[in-house]
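This report concerns only the one structure given below.
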Amino acid sequence: MVIIGSVRPGRAGLSVALWVHEHVTERGGFDIDFVDLAELNLPMVDEVKLPRLHDYSRRHTLAWSERVAQADAFLFVSPEVNYSYAPALKNALDFLYDEWGKKPVGLVSYGGRGGGAFGAAALRPVLSSLGLVAASSHVDIMQASHQIDDGFFVPDDQQVARLDGLIDELGALAPALRTVRAATLVAG
Ligand SMILES: Cc1cc2nc3c(=O)[nH]c(=O)nc-3n(C[C@H](O)[C@H](O)[C@H](O)COP(=O)(O)O)c2cc1C
């Protein structure tokens, strides 16, 4: 599953995420569910019960839960916003709990000169809290909007190599963690 964190009109994130989607598709090995949080349009978390209880009352939560539960691995594409990451991504993460657990995630961050590094660092403890397993590889893009031409993100060789490394890591982690999840179900 590829998730775009930015939801604002004119966002660079859509172009970056489309490049990620296209590159993963070209490499093969993953069926991608492309999640545009702007289209998903979740409200701010409006469930009465804690997500850990998995007792959802809203139709949008049930649909989001089902979608995330089907995914084996994630790629989050997020800008840095005030030294943190996209608020819509935080909200989408906070809606659920078990659905994320023991699944690998890779980060594609972008922002100013720092390539979204502070945003990615702010996201890591949240991933850990949800039981997501963060890949050590990371794609960071400085001033992504400078590499967008006619709506298309044009990556340099280093960015492509980094994305390849991240996809390789997710490809290795996904089956291993699927085994861990299956073993946990049997033991539980
Ligand atoms: C409110 C706001 C805060 C931002 N804060 C940071 C920041 O702390 N660090 C950074 O590198 N870039 C920051 N930026 C720049 C964004 O990361 C950059 O504009 C990016 O393209 C936004 O993603 P989007 O175009 O996909 O919405 C900020 C942008 C906005 C609008």
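From the list S128, S136, S145, the lone residue that is in contact (Cβ under 8 Å) with a residue 40 or more places away in the chain and open to solvent by 70 Å² or more (accessible area, probe 1.4 Å) is S145.
Residues of region 1-23 that are open to solvent by 10 Å² or more (accessible area, probe 1.4 Å) and part of a helix (DSSP H, G or I): L14, S15, L18, W19, H21, E22, H23.
Against the list (1) open to solvent by 60 Å² or more (accessible area, probe 1.4 Å); (2) among the acidic types (D, E); (3) within 16 Å of the ligand (Cβ to nearest atom), the condition D36 fails is (1).
Using the structure shown, decide if V139 is in contact with a helix residue (DSSP H, G or I) (Cβ under 9 Å, 6 or more places away or on another chain) and among the β-branched types (V, I, T). Spelling it out, V139 is indeed in contact with a helix residue (DSSP H, G or I) (Cβ under 9 Å, 6 or more places away or on another chain) and among the β-branched types (V, I, T).
The residues listed here are I32, I4; of these, the one that is in contact (Cβ under 8 Å) with a residue 40 or more places away in the chain and in contact with a strand residue (DSSP E or B) (Cβ under 9 Å, 6 or more places away or on another chain) is I4.
Tell me, please, whether a residue that is open to solvent by less than 20 Å² (accessible area, probe 1.4 Å) and among the charged types (D, E, K, R) can be found in region 157-165. The answer is no, given that none of the residues of region 157-165 is open to solvent by less than 20 Å² (accessible area, probe 1.4 Å) and among the charged types (D, E, K, R).
One residue stands out among those in region 73-102 that are away from the ligand (no atom under 16 Å from the Cβ) and not in a loop (DSSP other than H, G, I, E, B): the one that is most open to solvent (accessible area, probe 1.4 Å), which is D98. If you go through region 62-72 and keep only what is surrounded by fewer than 20 Cβ atoms within 10 Å (Cβ to Cβ) and in contact (Cβ under 8 Å) with a residue 24 or more places away in the chain, you end up with W64, S65, R67, A69, Q70, D72. Hey, does region 55-66 have a residue that's more than 10 Å from the ligand (Cβ to nearest atom) and in contact with a strand residue (DSSP E or B) (Cβ under 8 Å, 6 or more places away or on another chain)? No: zero hits. Could you please let me know if A174 is away from the ligand (no atom under 16 Å from the Cβ) and over 16 Å from the mean Cα position of the chain (by Cα)? No: the conditions fail for A174.
Being open to solvent by 50 Å² or more (accessible area, probe 1.4 Å) and part of a helix (DSSP H, G or I) is the filter here; which residues of region 41-54 pass it? Across region 41-54, the qualifying residues are R52, L53. Can you find, within region 120-156, the residue that is nearest to the chain's Cα centre (by Cα) among those that are of a type in the set (V, I, T) and not in a strand (DSSP E or B)? Restricting to residues being of a type in the set (V, I, T) and not in a strand (DSSP E or B), the top hit is V126. Only a single criterion out of (1) within 20 Å of G29 (Cα to Cα); (2) open to solvent by less than 60 Å² (accessible area, probe 1.4 Å) is not satisfied by A122, namely (1).
The values are calculated or read from the model by the stated rules, or taken from the named source; none is laboratory data. Given the structure is predicted, the values throughout are model-derived calculations rather than measurements. Cβ sites come from the backbone with ideal geometry, for glycine too, and all protein chains shown count toward neighbours. To get the accessible areas, we keep the full protein, side chains included, count just its heavy atoms, and leave off ligands, DNA and RNA. Shrake-Rupley method; radii C 1.70, N 1.55, O 1.52, S 1.80 Å.
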